[in-house]
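Enquirer: Take this structure first; my questions come after.
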Amino acid sequence: MFDHLKSLPADPILGLLATYRADDNPNKIDLGVGVYKDEAGHTPVLQAVKEAETRLLRGEETKAYIGPAGTPGFNSAMQELVLGAGHPALVGNRVRSAQTPGGCGALRVLAEFSDRAKAGATIWVSDPTWANHVPLLGNAGLEIKSYPYYDRATSSLQFDAMVETLKQVGEGDLVLFHACCHNPCGADLTREQWKVLAEMAQKQGFTPFIDMAYQGFGDSLEADAYGLRLMAESVPEMLVAASCSKNFGLYRERVGLAMVIYSDAAAADRGQSQLLNVVRGNYSMPPNHGGAIVESILTDAGLRANWEAELTEMRERINSLRSGVVESLRDAGAAGDFSFIEKQKGMFSFLGITPEQVHKLQQDYSIYMVDSSRISIAGLSQSNMAYFCKSVAEVLDAG
């Protein structure tokens, strides 16, 4: 039955990670994998998470299923984190959600849910977008088209071209937006640009589908949700996939939220029955452990304050690294203007070098990044910054 199956190429990032791990160069740097790292290169467990986990293990009395939707406490707390307490959609009882296995689970559940509402619906994604958006959405049956977003030549957002393309999107189509900290380019929409897009969605009738994987990693928990909340105030229906992997550091626990905003409460009840049916036919029930940690943190004032302080520390470190790499590249005499890195947000930026230069950095200097030159800023540190920037300068000088 399986003899005819052909081997597929390894995922670029996972394949890169395997090569990095096999490299014995003590100066090697991994800028491919998208996880937060501290100055020592470790991905730590947050103290707030450790305390919440300790309480959970001490007080847990059952391992019974929690149901396809997850726990009401988790869903309610996450809805308020994403939308903000008192948001009109919440007040109007128009929001329903389900706890999912990570942001990926949320994306896939919402894609299958959308395909039920309109079989083979078209979803527009930014060019570029996170590579896994394509299989997660496309394998669920949605047709994928793209809109211009990032100009690699100028290392900037091409908003006018984006708007012109989205003018052709109408009712029955979905448009995927990154809420903040765009992956892979780091170039985010301004508040004025969000207002333009919200007006377009309202006027043209397309359905916004917002992926929020990095709330709190850009400017703040509140500021990073501005565009999403504005859009949710402007349209009758919207989809949101949220992830707890980055801002809670719960990568391997796989904690996410699939959230749908409906036109009214009656539509929300009907839609939730369909959403949960999608879940039931997919993975049946979400895991509990990570979601229980998040629920505990968000509903306990002390734990939440500690978590927000740790999140602020992570965000400020990333922003400091952005400033540091721009300065260090300048000091190393690297050809070109890299000031755009400091202006961007979140974990990622394109370095803006060629695939050949990317390969040379890997072969000659043991510096690993994907061919697009997307780098994970958190993979840098004060200890490897000078080596990285000097290496980039030498590769650029060599042509």
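Enquirer: Look through ALA309, ALA398 and report the one residue that is out of contact with any Cys (no Cβ under 9 Å at 6 or more places or on another chain), hydrophobic (A, V, I, L, M, F, W, C), open to solvent by 10 Å² or more (accessible area, probe 1.4 Å) and over 30 Å from ALA85 (Cβ atoms).
Expert: Result of the check over ALA309, ALA398: ALA398.
Enquirer: Let me ask something additional. Among the residues of the range 1-32, what is the count of those that are outside any loop (DSSP other than H, G, I, E, B) and not hydroxyl-bearing (Ser, Thr, Tyr)?
Expert: Here the count works out to 11.
Enquirer: Identify all residues within the range 324-378 that are open to solvent by 50 Å² or more (accessible area, probe 1.4 Å) and touching a Gly at 6+ places or on another chain (Cβ under 6 Å); write none if there are none.
Expert: Within the range 324-378, LYS345 is the sole residue that qualifies.
Enquirer: Please count how many residues of the range 380-390 are over 29 Å from the mean Cα position of the chain (by Cα) and either open to solvent by less than 70 Å² (accessible area, probe 1.4 Å) or of a type in the set (A, V, I, L, M, F, W, C) (or both).
Expert: Going through the range 380-390 one residue at a time, the tally reaches 0.
Enquirer: Any idea which residue in the range 48-68 is surrounded by the most Cβ atoms within 10 Å (Cβ to Cβ), counting only those that are assigned to a loop (DSSP other than H, G, I, E, B) and out of contact with any helix residue (DSSP H, G or I) (no Cβ under 6 Å at 6 or more places or on another chain)?
Expert: ILE66
Enquirer: For the range 104-144, enumerate the residues that are open to solvent by 40 Å² or more (accessible area, probe 1.4 Å), part of a loop (DSSP other than H, G, I, E, B), closer than 23 Å to GLY32 by Cβ and of a type outside the set (A, V, I, L, M).
Expert: Within the range 104-144, TRP130, ASN132 meet the criteria.
Enquirer: Just name the residue that is most open to solvent (accessible area, probe 1.4 Å) out of those in the range 85-103 that are of a type in the set (Gly, Ala, Ser) and within 24 Å of SER245 (Cα to Cα).
Expert: ALA85
Enquirer: Here is a follow-up. Look through the range 16-40, keep the residues that are of a type in the set (D, E, K, R) and touching a Phe, Trp or Tyr at 6+ places or on another chain (Cβ under 9 Å), and return whichever of them is farthest from SER320 (Cα to Cα).
Expert: Ranking the candidates gives ASP23 first.
Conditions tested, residue by residue: (1) surrounded by fewer than 24 Cβ atoms within 10 Å (Cβ to Cβ); (2) more than 15 Å from the chain's Cα centre (by Cα); (3) of a type outside the set (Lys, Arg); (4) at pLDDT below 95.
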| residue | (1), (2), (3), (4) |
| --- | --- |
| GLN215 | no, no, yes, no |
| PRO236 | yes, yes, yes, no |
| ASN247 | no, no, yes, no |
| ARG254 | yes, no, no, no |
| ARG280 | yes, yes, no, no |
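Enquirer: For HIS42, all conditions in the list (1) open to solvent by less than 70 Å² (accessible area, probe 1.4 Å); (2) within 21 Å of the chain's Cα centre (by Cα) hold save one; what is the number of the exception?
Expert: Of (1) open to solvent by less than 70 Å² (accessible area, probe 1.4 Å); (2) within 21 Å of the chain's Cα centre (by Cα), only one is false for HIS42: (1).
Enquirer: From the list LEU14, LEU5, which one is surrounded by fewer than 20 Cβ atoms within 10 Å (Cβ to Cβ) and modelled with pLDDT under 95?
Expert: Answer to the selection: LEU14.
Enquirer: Which residues, counting only those in the range 158-178, are free of Cβ contacts under 8 Å to residues at least 60 places away in the same chain and among the aliphatic types (A, V, I, L, M)?
Expert: If the condition is that a residue be free of Cβ contacts under 8 Å to residues at least 60 places away in the same chain and among the aliphatic types (A, V, I, L, M), then ALA161, MET162, VAL163, LEU166, VAL169, VAL175, LEU176 are the ones that fit.
The values are calculated or read from the model by the stated rules, or taken from the named source; none is laboratory data. In this text the structure is predicted, and so the values were computed from the model without any measurement. Don't worry about glycine lacking a Cβ; one is built from the backbone with ideal geometry, like all the others, and counts go over all protein chains shown. Keep in mind that these areas ignore ligands, DNA and RNA; they rest on the heavy atoms of the full protein, side chains included. Shrake-Rupley method; radii C 1.70, N 1.55, O 1.52, S 1.80 Å.
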